[in-house]
Amino acid sequence: MLDAWVALGLSPANVVVLEPQPSPDIAALTERGVRLNPPRDSVGDIAAAVLAVKPQIAPEVLTALAPFVAGATVVLSIMAGRTLRFLADNLPGAALVRAMPNTPAAIGRAITVAIANPRVSPEQRALVDALLSAVGAVEWITDEALMDAVTALSGSGPAYVFLLAESMARAGAAAGLPPTLAATLARATVAGAGELLNRSLLDPATLRQNVTSPGGTTAAALEVLMAQDGLERLMTAAVAAATKRSRDLAG
């Protein structure tokens, strides 16, 4: 995300990173002008503070972050499960946005869902929207209860697609293809179909039907995948499990 912000014109000199155990990649950011773990009194006004940590360590991180949050600061949290109320309890009076992007942010193709608490001003919301839009599309909601399902569908969703590519490659090898060729075909098919879906004005069902000739090879495969105990049942169960886990993380 930081790479995208810098590419759009954010000066690294205006960025502070708080990380008690910085990785080599994070430490290398200092060569670009990013300030790593500076004392609070050396940092000026902070427009936005981005929380990008595992939810399990949130309480200790928020304690360290609190001195950096002033009245004009908007806090953007991308932690799974941690609610606006949890954040407000740890950062009283703060303007808060809870968001859930996904890993295609690395190539500017994320989809992010965000929700703001009442303390967020229109200007702060616009700032957060600009930050999130730098890595992909943004959808704003007003019902925080939806965030657990958002996390389960789009937040975790890239892993489901990667698993699909893995499974297709293994299935191709089982059908007799050399494993390397099977992996190449699976990767290219998933990537190409995803890009076609992205560019097309047609819905997924229509695109699927366009590939399927009656009585053909695709129809034979879909008969298995669309059976009562097929892909849709498995995906529904998987998203439900991830939704429950997101709720569990909230405590």
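Kindly evaluate Gly33 against the criterion of being among the small types (Gly, Ala, Ser), closer than 26 Å to Ala250 by Cα and exposed (fewer than 13 other Cβ atoms within 10 Å of the Cβ).
So Gly33 fails the test.
Please find, within the stretch 78-98, the residue that is nearest to Asp143 (Cα to Cα) out of those that are of a type outside the set (Gly, Ala, Ser) and part of a helix (DSSP H, G or I).
Looking at the filtered set, the residue picked out is Leu84.
Here's a check for you: in the stretch 1-26, which residue that is small (Gly, Ala, Ser) and not in a loop (DSSP other than H, G, I, E, B) is farthest from Arg125 (Cα to Cα)?
Of everything passing the filter in the stretch 1-26, Ala13 is farthest from Arg125 (Cα to Cα).
So Ala191 passes all but one of these: (1) in contact (Cβ under 8 Å) with a residue 12 or more places away in the chain; (2) surrounded by 12 or more Cβ atoms within 10 Å (Cβ to Cβ). Which condition number does it fail?
(1)
Tell me, which helices (runs of 4 or more DSSP H) wholly within the stretch 99-198 include 1 or more residues that are acidic (Asp, Glu) and farther than 23 Å from Ala238 by Cα?
Helices (runs of 4 or more DSSP H) meeting the threshold: 122-133.
Mind listing just one residue for me: the one in the stretch 27-77 that is part of a strand (DSSP E or B) and over 19 Å from the mean Cα position of the chain (by Cα) and, of those, modelled with the highest pLDDT?
The qualifying residue modelled with the highest pLDDT is Val74.
Is it true that Ala105 is surrounded by 23 or more Cβ atoms within 10 Å (Cβ to Cβ) and at negative phi?
So Ala105 does not fit the description; no.
Looking at Leu132, Leu185, Leu225, Leu164, which one is more than 30 Å from Arg98 (Cβ to Cβ) and surrounded by 13 or more Cβ atoms within 10 Å (Cβ to Cβ)?
Leu185
Mind telling me which of the residues Val69, Val15, Val61 ends up being surrounded by 12 or more Cβ atoms within 10 Å (Cβ to Cβ) and in contact with a helix residue (DSSP H, G or I) (Cβ under 8 Å, 6 or more places away or on another chain)?
Val15
How about the stretch 199-209: which of its residues are surrounded by 12 or more Cβ atoms within 10 Å (Cβ to Cβ) and in a helix (DSSP H, G or I)?
Result: Leu207, Arg208, Gln209.
Which one of these is in contact with a helix residue (DSSP H, G or I) (Cβ under 8 Å, 6 or more places away or on another chain) and under 20 Å from Arg109 (Cβ atoms): Ala186, Ala182?
Matching residue, one of Ala186, Ala182: Ala186.
The values are calculated or read from the model by the stated rules, or taken from the named source; none is laboratory data. Quick caveat: nothing in here was measured; it's all calculated off a predicted structure. Every residue, glycine as well, gets a Cβ built from its backbone with ideal geometry; the counts of neighbours run over all protein chains shown.
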